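First the structure, in the form of structure tokens, and then the observations on it.
The values are calculated or read from the model by the stated rules, or taken from the named source; none is laboratory data. Everything numeric in this text was worked out from a predicted model, so none of it was measured. Cβ atoms come from the backbone with ideal geometry, glycine included; neighbour counts cover every protein chain shown. What goes into the accessible areas is simple: the full protein's heavy atoms, side chains included, and nothing from ligands, DNA or RNA. Shrake-Rupley method; radii C 1.70, N 1.55, O 1.52, S 1.80 Å.
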Amino acid sequence: RNLRETASLLISASVAPLVLSLWPVVDEGLRFELWDWLPGISLVFELEPLGLLFASVAALLWPVTTLYAIGYMRGNLQRNQTRFYFFFALAIAAALWIAFSGNLVTLFIGYEILTLSTWPLVTHAGNERAKRGGHIYLGLLLTTSIGLFLPAIVWTSVLAGGTDFTPGGMLAGQASTATLTVLFALYMFGIGKAALFPFHRWLPS
């Protein structure tokens, strides 16, 4: 357990300065295309101020929450701690993926990775209550993301002619107020982690 926790602390403590070191070059608009599947569908990461702010918060909180987790997990004699730290690290990686996403396709994939990597954390206790809560969590988040979030992305892509984030907004002058209102609702409710009524039941569960 000492090796596992030392590795968790070292990795989490090393990510924060790496992310913070990007601030001096944030205005250069660095962009990295990892994979181009089809026209308009590609895996793209981009450095911009708002995403870097989100990434910085996640990176700074990671070592702090890791310290807390070590005390909590040891103090409560939790089982399967290696699994916990593995999926915890994967969830942070997914959060950074989302923060640096350069288009909606990359963002959606990162969001799904975040959902799947946090499910083992929700069910970590392994009892019936945790398993039931985990089923509700996974069911609601996958249903909303595939049933609402994904259609919103496809619709946006059709209107904007692509999925890349652009200064001034992807849909500036591309859609009516009514269309934008519907799209806004699809995005808000499609991101089930926001726990907006009526898709909030996973949170108390």
**Request:** Go through the residues of the stretch 68-75 one by one and say whether even a single one is surrounded by fewer than 15 Cβ atoms within 10 Å (Cβ to Cβ) and closer than 17 Å to A91 by Cβ.
**Result:** yes
**Item:** Residue under evaluation F88, criteria (1) surrounded by fewer than 19 Cβ atoms within 10 Å (Cβ to Cβ); (2) part of a helix (DSSP H, G or I), criterion not met
**Value:** (1)
**Message:** I'd like to know if the stretch 153-164 contains one or more residues that are of a type in the set (F, W, Y) and farther than 23 Å from S205 by Cβ.
**Reply:** yes
**Prompt:** Do we have any residue at all in the stretch 35-45 that's open to solvent by 80 Å² or more (accessible area, probe 1.4 Å) and over 25 Å from I191 (Cβ atoms)?
**Reply:** yes
**Message:** Tell me the residue from I146, I136 that is surrounded by 14 or more Cβ atoms within 10 Å (Cβ to Cβ), in a helix (DSSP H, G or I) and modelled with pLDDT of 90 or more, please.
**Reply:** I136
**Message:** Of the residues T106, T82, T65, only one is in a helix (DSSP H, G or I) and open to solvent by 60 Å² or more (accessible area, probe 1.4 Å); which?
**Reply:** T82
**Request:** Scan the stretch 146-170 for residues that are of a type in the set (A, V, I, L, M, F, W, C) and either under 16 Å from F108 (Cα atoms) or touching a strand residue (DSSP E or B) at 6+ places or on another chain (Cβ under 8 Å) (or both) and jot them down.
**Result:** I146, L148, F149, L150, A152, I153, V154, W155, F165, M170
**Fill in**
Over the stretch 110-133, the set of residues of a type in the set (A, V, I, L, M) and either open to solvent by less than 60 Å² (accessible area, probe 1.4 Å) or in a loop (DSSP other than H, G, I, E, B) (or both) is I113, L114, L121, A125, A130
**Request:** Could you grab me the full set of residues in the stretch 182-196 that are open to solvent by 50 Å² or more (accessible area, probe 1.4 Å) and outside any helix (DSSP H, G or I)?
**Result:** I191, L196
**Message:** Out of the residues in the stretch 162-181 meeting the condition of being open to solvent by 70 Å² or more (accessible area, probe 1.4 Å) and in contact (Cβ under 8 Å) with a residue 12 or more places away in the chain, tell me which one is nearest to L30 (Cα to Cα).
**Reply:** F165
**Complete:** With the first residue restricted to the stretch 1-19 and required to be within 22 Å of Q78 (Cα to Cα), and the second required to be surrounded by 15 or more Cβ atoms within 10 Å (Cβ to Cβ) and not small (G, A, S), Cβ contacts under 6 Å at 6 or more apart or on different chains are E5/I70; S8/T66; S8/Y85; L9/T66; S12/W62; S12/P63; S12/T66
**Prompt:** Taking the condition free of Cβ contacts under 8 Å to residues at least 12 places away in the same chain and closer than 30 Å to N80 by Cα, does E112 pass?
**Reply:** no
**Item:** Sole exception among (1) surrounded by 18 or more Cβ atoms within 10 Å (Cβ to Cβ); (2) within 18 Å of A194 (Cα to Cα); (3) out of contact with any Gly (no Cβ under 9 Å at 6 or more places or on another chain) for F54, by number
**Value:** (1)
**Fill in**
Here the residues within the stretch 131-150 that are in contact with a Ser or Thr (Cβ under 6 Å, 6 or more places away or on another chain) and not hydrophobic (A, V, I, L, M, F, W, C) are K131, G133, G134
